[in-house]
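The values are calculated or read from the model by the stated rules, or taken from the named source; none is laboratory data. For clarity, every value in this text was computed on a predicted model and none was experimentally measured. Neighbour counts are summed over all protein chains in view; Cβ atoms, including those assigned to glycine, are modelled from backbone coordinates with ideal geometry.
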Amino acid sequence: MKAQNHIASYYAATANDRTRHPALEGTVKADVCVIGGGFSGVATALTMAERGRSVVLLEANRIGWGASGRNGGQMIGGISGEAAIKRQHGAAGAKLVRDIRYRGHEIIEGRIAKYGISCDLKHGWMEVAARPSHMRAIRAHVAERIKDGDGDHLEIVEPQNMPRVLGTTSYHGGVIDPRSGHLHGLNLCLGEARAAVNLGVRIFEETPAVALEGGAKPWVKTERGRVEAETVVIGGEIFDNFDQPRLKGLMLPTGSYIIATEPLSDAVVAAINPQDLAVADSNVVVDYFRLSADRRMLFGGRCNYSNRDPTDIGASIQPRMIGIFPQLADAKIDFAWGGRIAIIVDRVPAVGRLAPNLYFLQGYCGHGVNASHIAAEIVSDAICGTTERFDLFDRIRHVRLPLSDLFGNQMLALGMLYYRLRDLL
């Protein structure tokens, strides 16, 4: 397997850490071996190092190579699949959802301050109503949150007040969450990796795991080495790479694509997004956008429903951006990139145990910035002996797609088309 460098994105072009880590050669030992150098793996490695454990982290390509270093950078409160968690676990599930809603934010904000991580964190996130009927659902959600005791800070923006928030007529109101926000995801991941190394974590890049085993003596085999550990953690979307029956049919990869314009003038910024909010619409198949620290419009979403990458990402995404912001019709596109994210059918992140001392965390369905850090803490707690929150996730009865390994693209295409039609109707 040939290792790959970071994709040519705005994030890679503005990365503030170019550290290269060696490939693993030979056998090493550690308390914990973490597979995956994205948010899930790096956050888990750092958490365990903070708790005094020796950690080895294996990454097939580069730290932050996958979705963690390519995403929209939106730090959104809560996790996907909250309704399913409440439905399956009742009062315990409702308490879990409430307790962890902003826990990822707290971890990220604490690490930025503690380790001096520069990643352009900005608070302020908005969900906008793509249809008038969606606004009713937004109001009901806010009312439920207020009743639950954690929604007083949310600000409903009625349709007539939208012009003071966003310079577009495309939306029918929305809600602003000032506790959520946006950031440079790759620089956050690289900063956490640097902090982990400073605490003794050994990171090996260009080192894909090819086999593993849990049980009494867990181990991970790589192309040119081996890690022997007390615990192994699979961090991130490995799908069913290791032929684990419990992960089969659980997740399907889907493409998400982003463009970044040239830096915009102060006048244009003031006209389109004066509060510097990160924004996502209320559709199942979402558009999302925000301004970068150097005032570029970063606009993303899924631009086809066949699960095939577009031949020209910029040409596919730019018309959607201009449809919302005609003010950007003449803005030059400097970057266009994409990648795969893991979608779980019931939208609940997959967190659990495959075997004694073999854990996994993955499948955040677009909420990975916040949710990955929550999951990393929950798995770390379980490794250290506190399993209350972990057990709730581990007992989730996930919906699985039969024959997804044979017909994954076709099934995903049909599913995305269904949701697109639902959004339109």
query = Quick check: is even one residue across segment 354-361 assigned to a loop (DSSP other than H, G, I, E, B) and touching a helix residue (DSSP H, G or I) at 6+ places or on another chain (Cβ under 6 Å)?
reply = no
message = Can you report the number of residues in segment 146-162 which are out of contact with any Asp or Glu (no Cβ under 7 Å at 6 or more places or on another chain) and more than 15 Å from residue 180 (Cα to Cα)?
response = 9
request  = Give the residue, chosen from 327, 318, that is part of a helix (DSSP H, G or I) and crowded, with 20+ Cβ neighbours inside 10 Å.
outcome  = 318
inquiry  = Quick check on my filter: what residues within segment 110-127 are over 21 Å from residue 294 (Cβ atoms) and surrounded by fewer than 17 Cβ atoms within 10 Å (Cβ to Cβ)?
reply    = 110, 113, 114, 115
query = Got a sec? Which of 67, 83 is touching a strand residue (DSSP E or B) at 6+ places or on another chain (Cβ under 6 Å), closer than 30 Å to residue 275 by Cβ and at pLDDT below 95?
reply = 67
ask   = Could you say which residue among 296, 308, 320, 353 is in contact (Cβ under 8 Å) with a residue 12 or more places away in the chain, under 30 Å from residue 389 (Cα atoms) and basic (Lys, Arg)?
value = 353
request  = Scan segment 198-231 for residues that are in contact (Cβ under 8 Å) with a residue 40 or more places away in the chain and of a type in the set (Lys, Arg) and jot them down.
outcome  = 202, 224, 226
message = I'd like the residue in segment 54-76 that is under 12 Å from the mean Cα position of the chain (by Cα) and assigned to a loop (DSSP other than H, G, I, E, B) and, out of all such residues, is farthest from residue 345 (Cα to Cα).
response = 64
Residue 41 among the small types (Gly, Ala, Ser), within 18 Å of the chain's Cα centre (by Cα), surrounded by 19 or more Cβ atoms within 10 Å (Cβ to Cβ) and assigned to a loop (DSSP other than H, G, I, E, B) = no
task = Search segment 330-351 for residues being modelled with pLDDT of 95 or more and of a type in the set (D, E, K, R), and hand back the single one that is surrounded by the most Cβ atoms within 10 Å (Cβ to Cβ).
result = 334
query = So which of 355, 376 is of a type in the set (A, V, I, L, M, F, W, C) and within 19 Å of the chain's Cα centre (by Cα)?
reply = 376
request  = Of the conditions (1) free of Cβ contacts under 8 Å to residues at least 12 places away in the same chain; (2) in a helix (DSSP H, G or I), residue 195 clears all except one; give me its number.
outcome  = (1)
Checklist (1) part of a loop (DSSP other than H, G, I, E, B); (2) modelled with pLDDT of 80 or more applied to residue 239, failing item = (2)
request  = Look through 49, 30, 43 and report the one residue that is closer than 19 Å to residue 357 by Cα, in contact (Cβ under 8 Å) with a residue 24 or more places away in the chain and in contact with a His (Cβ under 9 Å, 6 or more places away or on another chain).
outcome  = 43
request  = Output yes when any residue across segment 254-266 is touching a Phe, Trp or Tyr at 6+ places or on another chain (Cβ under 9 Å), touching a residue at least 60 places away in the same chain (Cβ under 8 Å), surrounded by fewer than 19 Cβ atoms within 10 Å (Cβ to Cβ) and outside any helix (DSSP H, G or I), and no when none is.
outcome  = no
query = Among the residues of segment 117-130, is any modelled with pLDDT of 95 or more, under 28 Å from residue 175 (Cα atoms), under 23 Å from the mean Cα position of the chain (by Cα) and in a helix (DSSP H, G or I)?
reply = no
Within segment 218-253, tally of residues that are under 19 Å from residue 350 (Cα atoms) and surrounded by 18 or more Cβ atoms within 10 Å (Cβ to Cβ) = 16
ask   = Is there a residue being in a helix (DSSP H, G or I), at pLDDT below 95, touching a helix residue (DSSP H, G or I) at 6+ places or on another chain (Cβ under 7 Å) and within 25 Å of residue 371 (Cα to Cα) anywhere in segment 143-164?
value = yes
key: segment 283-300, subset at pLDDT below 95 and either in a loop (DSSP other than H, G, I, E, B) or out of contact with any Gly (no Cβ under 9 Å at 6 or more places or on another chain) (or both), residue nearest to residue 138 (Cα to Cα)   = 283
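Each row is one residue, and each column tells you yes or no for (1) surrounded by fewer than 16 Cβ atoms within 10 Å (Cβ to Cβ); (2) under 30 Å from residue 64 (Cβ atoms).
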| position | (1), (2) |
| --- | --- |
| 129 | no, no |
| 137 | yes, no |
| 143 | yes, no |
| 164 | yes, no |
| 168 | no, no |
| 172 | no, no |
| 177 | no, yes |
| 184 | no, yes |
| 191 | no, yes |
request  = Would you mind finding the one in 5, 16 that is touching a residue at least 40 places away in the same chain (Cβ under 8 Å), assigned to a loop (DSSP other than H, G, I, E, B) and in contact with a Lys or Arg (Cβ under 7 Å, 6 or more places away or on another chain)?
outcome  = 5
query = Out of segment 352-391, which residues are hydrophobic (A, V, I, L, M, F, W, C), surrounded by 24 or more Cβ atoms within 10 Å (Cβ to Cβ) and farther than 20 Å from residue 215 by Cβ?
reply = 369, 371, 374, 375, 376, 378
